[in-house]
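**Q** First the structure, then my questions, so here it is.
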């Protein structure tokens, strides 16, 4: 095979697959399963996508067991698909060529918490809520919060973020280092516990966001934050998406260290009113949160109130008490389920883009017009401090014409974001469903460079094939 | 050549070199030079290292001209060494195999400033001070400040940071995207102007910190920050390095959003008193700065004063007026020159490591003992909020015994940092002088993965050879 040969993309032979399954059964016993129901649970399930189950699922408990699995699969050229909690939105865990799903949920230990250094070391199958529950008594928390209670391996692999990213950054920033099993079976430890380093290529950042195509992350060192002394949160209604976005831009520009600033469009507010038993005006809404000392959150909240009023926002109602704050944030986190309630029986197709914040108002407004013109139903929510927003398409997967309209809408949404110097996904990742946009976003030469990196680390093409660079 | 052949490391043949020089002379005219004095200026000059000048220096004005240079060098297998301002500290710009130094100082334009998005696009030869001078009227600044007035291409390539990194991050965080010429001559544009993305491998972060071994950065999109409404700065003397480090740890842990927190050890204070005409107590000193509103910087400064007092620090003298603040920070930025004054005629060998902050006090204290025991003179300054510190060895390069003692000291310093889960360099980079530590830091398998990435993008080994992964 020459250095420029394409990464092979073929199903394993029945013999190869049988050899791997037999080898895994011998080593893992009942932790290896080919049961149909379990395999179906390890295909893409949360949002609507064709279900492509793996041939078998294995549950390792250690990095060395992951190494054993990868080596066996490499020997027989059988695909390996890492699996955390299955909450990915773009088909990342599907197995289009079959192969072995490596379910890391059994690797869910907290290996160390270094309170003095504000970091911890966890196994990749641990979920963010489990970590935060454990950290609470130590006055620390991990701020990155995608909607789902995802695993850290999955969050790192998709470069996840969430509502706190505007202040605390994304998984790109939060991962100090990691342990991974490369496609050849080598165990590497990247990064260190130092908060910065200039020593060599940034393998950590290469594996973060690689969606399991360059290896399986098994452990992570994560930056933590101190639970803020005081938190103020509130909400403010706006006459238009443009007014809400302009208030967001001014907030960011003025240097207010806002911890969260979330947009719900009128359709989403209507859905959340119904689902979460709220009585918010059904116009665009910003949910905002500030972290700091008692004095500083008060100052921040007052300043935001002035900015919002200047953009035509209604009264900014805010509070520092936990009970008053929690209800609205719970509604925000339930936005996905609330949206499903708008059209019972429909399936959700969640998609996201991210643009420079100066273009956000235009991008959201044009997208809303496109939704209406396309005859689609799709509430919009956004981490607008980052310029990132989501459209949650509610579709009937049996209606091929509607599915085609939804696909056309996503094509236009991405084209719109790219024309505004944005990206085809701010936090969901590429998976299967955004592959077709990568060349338009990065250009042919940058995509070729990515493929060269993939070939360099995975010459057999066994790691999560059919995703990201496969199109 | 197979995928696993070593990257070739040989001098170009005289014929190859002559062909490249002739080709460049034809295209670049007087912007190509082989003058000895100019070549010597393009070898490592700032700190002491053997001088290894390139065979010629060329001054491109556009990305396309850089592409022309790289293609010609690739055709003849002649080394290419990117050059910004020559302020690197670890021999990055030396030409151990000869070749062509590509001096980007003529590419120093600001291509765009997007005030609404807090970002800008600049050419790689622009320096940080020139950018900040231009931004000042717009209320914006670029916070990353290595000691030198370095170029952005160089700062990105060495993953530079500086005094503000504790609050604003490093070049890893500040670069939104970049344009680079890859070793094959392809022009790639990585990233976007969106503040986050989950679309594909992180080529931006792969090129940031690659020290010119994977391509030449020609343009960068950079995150900017608003000039804070108020700034408070002050200084506090401590009875010991441990007390100063403990105050730093508590400051970080308590969530105080300190903008700068810098340690000078007693030797450095003595040097700075003499050089900058100060009268500070010659004991360990912290210089601290806070950014925010008038009310918040006052609150932060008062809290820091309480923390410092609790660790045995002296009175915390602080001010918000620019004049009162500037003098001490100027002294901090002049620390390198002040240290040289401790031993006239000596050359400086600057080195840095970074450890988890919980280990900082131990690491600095052990290092001070080692300096004394080794009979060396080496003041210590540190960006201690990051756990990063520098020892500036003052050596007589003619004294081979002293040079050997300095080398042994650096070996032990790095071993100490690695034993504390730190890194062999926090911000200076690897260059020629830290290559020997990479395997100890990353392990053989991770280093092999880095070499595989290098081979994938630079199969001919022409980009800045003899650096980083060459050992």
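**Q** Within the group B:470, B:448, which residue is more than 17 Å from the chain's Cα centre (by Cα) and not in a loop (DSSP other than H, G, I, E, B)?
**A** Numbers: B:470 fails: not in a loop (DSSP other than H, G, I, E, B).
After applying the criteria, what remains is B:448.
**Q** Answer yes or no as to whether residue B:405 is closer than 30 Å to residue B:73 by Cβ and either surrounded by fewer than 24 Cβ atoms within 10 Å (Cβ to Cβ) or more than 10 Å from every other protein chain (Cβ to nearest Cβ) (or both).
**A** Values: closer than 30 Å to residue B:73 by Cβ: no; either surrounded by fewer than 24 Cβ atoms within 10 Å (Cβ to Cβ) or more than 10 Å from every other protein chain (Cβ to nearest Cβ) (or both): yes.
When the stated conditions are applied, residue B:405 does not pass them.
**Q** Oh, and also: Free of Cβ contacts under 8 Å to residues at least 40 places away in the same chain, surrounded by fewer than 18 Cβ atoms within 10 Å (Cβ to Cβ) and away from chain A (no Cβ under 14 Å): which single residue out of B:309, B:315 fits that description? Don't jump to the end; show me each part of the working.
**A** Working: B:315 fails: free of Cβ contacts under 8 Å to residues at least 40 places away in the same chain.
Criteria check complete, one pass: B:309.
**Q** Quick one: is residue A:441 facing chain B (nearest Cβ under 10 Å), touching a strand residue (DSSP E or B) at 6+ places or on another chain (Cβ under 7 Å), touching a residue at least 60 places away in the same chain (Cβ under 8 Å) and buried (at least 19 other Cβ atoms within 10 Å of the Cβ)?
**A** Numbers: facing chain B (nearest Cβ under 10 Å): yes; touching a strand residue (DSSP E or B) at 6+ places or on another chain (Cβ under 7 Å): yes; touching a residue at least 60 places away in the same chain (Cβ under 8 Å): no; buried (at least 19 other Cβ atoms within 10 Å of the Cβ): yes.
Here the answer is no, as residue A:441 does not meet what is asked.
**Q** While we're on this one: Which number in (1) surrounded by fewer than 22 Cβ atoms within 10 Å (Cβ to Cβ); (2) touching a helix residue (DSSP H, G or I) at 6+ places or on another chain (Cβ under 8 Å) marks the one condition that residue B:253 misses?
**A** With (1) surrounded by fewer than 22 Cβ atoms within 10 Å (Cβ to Cβ); (2) touching a helix residue (DSSP H, G or I) at 6+ places or on another chain (Cβ under 8 Å) applied to residue B:253, the lone miss is (2).
**Q** Could you please find all residues in region A:270-290 being crowded, with 23+ Cβ neighbours inside 10 Å and not in a loop (DSSP other than H, G, I, E, B)? Before you say what the answer is, go through the steps one by one.
**A** First, pick out the residues of region A:270-290 that are crowded, with 23+ Cβ neighbours inside 10 Å: A:271-272, A:284-286, A:288-290.
The answer is A:271, A:272, A:285, A:286, A:288, A:289, A:290.
**Q** Any idea which of A:453, A:460 is at the interface with chain B (Cβ under 7 Å from one of its Cβ atoms), surrounded by fewer than 23 Cβ atoms within 10 Å (Cβ to Cβ) and either under 29 Å from residue B:187 (Cβ atoms) or touching a residue at least 60 places away in the same chain (Cβ under 8 Å) (or both)? If you could, list the steps in order and put the result at the bottom.
**A** Numbers: A:460 fails: at the interface with chain B (Cβ under 7 Å from one of its Cβ atoms).
One residue alone meets the criteria, A:453.
**Q** Looking at (1) within 12 Å of another protein chain (Cβ to nearest Cβ); (2) touching a strand residue (DSSP E or B) at 6+ places or on another chain (Cβ under 8 Å); (3) buried (at least 24 other Cβ atoms within 10 Å of the Cβ); (4) on the phi < 0 side of the Ramachandran plot, which one does residue A:232 not meet, given that it meets all the others?
**A** Answer for residue A:232: the failing condition is (1).
**Q** Next up: Within 11 Å of chain B (Cβ to nearest Cβ), touching a strand residue (DSSP E or B) at 6+ places or on another chain (Cβ under 6 Å) and part of a loop (DSSP other than H, G, I, E, B): does that describe residue A:183?
**A** Numbers: within 11 Å of chain B (Cβ to nearest Cβ): yes; touching a strand residue (DSSP E or B) at 6+ places or on another chain (Cβ under 6 Å): yes; part of a loop (DSSP other than H, G, I, E, B): yes.
Answer is yes for this residue.
**Q** Let me ask another. Consider region A:148-172. How many of its residues are out of contact with any helix residue (DSSP H, G or I) (no Cβ under 6 Å at 6 or more places or on another chain) and in contact (Cβ under 8 Å) with a residue 40 or more places away in the chain?
**A** 14
**Q** So residue A:166 passes all but one of these: (1) part of a helix (DSSP H, G or I); (2) more than 10 Å from chain B (Cβ to nearest Cβ); (3) at pLDDT below 95; (4) under 19 Å from the mean Cα position of the chain (by Cα). Which condition number does it fail?
**A** Answer for residue A:166: the failing condition is (2).
**Q** Being more than 22 Å from residue B:332 (Cβ to Cβ), outside the structural domain of residue B:388 (by TED's automatic domain parsing) and free of Cβ contacts under 8 Å to residues at least 40 places away in the same chain narrows it down to one of B:181, B:188, B:175, so name that one.
**A** Details: B:181 fails: free of Cβ contacts under 8 Å to residues at least 40 places away in the same chain; B:175 fails: free of Cβ contacts under 8 Å to residues at least 40 places away in the same chain.
Being more than 22 Å from residue B:332 (Cβ to Cβ), outside the structural domain of residue B:388 (by TED's automatic domain parsing) and free of Cβ contacts under 8 Å to residues at least 40 places away in the same chain holds for just one of B:181, B:188, B:175, which is B:188.
**Q** Another question, then. Out of A:62, A:85, which single residue is under 19 Å from the mean Cα position of the chain (by Cα) and either over 17 Å from residue A:183 (Cβ atoms) or at pLDDT below 95 (or both)?
**A** Working: A:62 fails: under 19 Å from the mean Cα position of the chain (by Cα).
Exactly one of A:62, A:85 is under 19 Å from the mean Cα position of the chain (by Cα) and either over 17 Å from residue A:183 (Cβ atoms) or at pLDDT below 95 (or both), namely A:85.
Per-residue answers, yes or no, for (1) touching a strand residue (DSSP E or B) at 6+ places or on another chain (Cβ under 6 Å); (2) within 30 Å of residue B:73 (Cα to Cα); (3) more than 10 Å from chain A (Cβ to nearest Cβ):
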{"position": "B:371", "(1), (2), (3)": "no, no, yes"}
{"position": "B:386", "(1), (2), (3)": "no, no, no"}
{"position": "B:393", "(1), (2), (3)": "yes, no, yes"}
{"position": "B:465", "(1), (2), (3)": "no, yes, yes"}
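**Q** Filtering region A:205-225 down to residues that are within 15 Å of the chain's Cα centre (by Cα) and in a loop (DSSP other than H, G, I, E, B), which residue is farthest from the other protein chains (Cβ to nearest Cβ)? First the steps, then the outcome.
**A** The initial filter retains those residues of region A:205-225 that are within 15 Å of the chain's Cα centre (by Cα), namely A:207-212.
After this cut, where a residue has to be in a loop (DSSP other than H, G, I, E, B) as well, the list is A:208-212.
Numbers: A:208: 7, A:209: 6, A:210: 6, A:211: 9, A:212: 12 Å.
Ranking the candidates gives A:212 first.
The values are calculated or read from the model by the stated rules, or taken from the named source; none is laboratory data. Small disclaimer: the values here were computed from a predicted structure and weren't measured. Neighbour counts run over all protein chains shown; Cβ positions are idealised from the backbone, glycine included.
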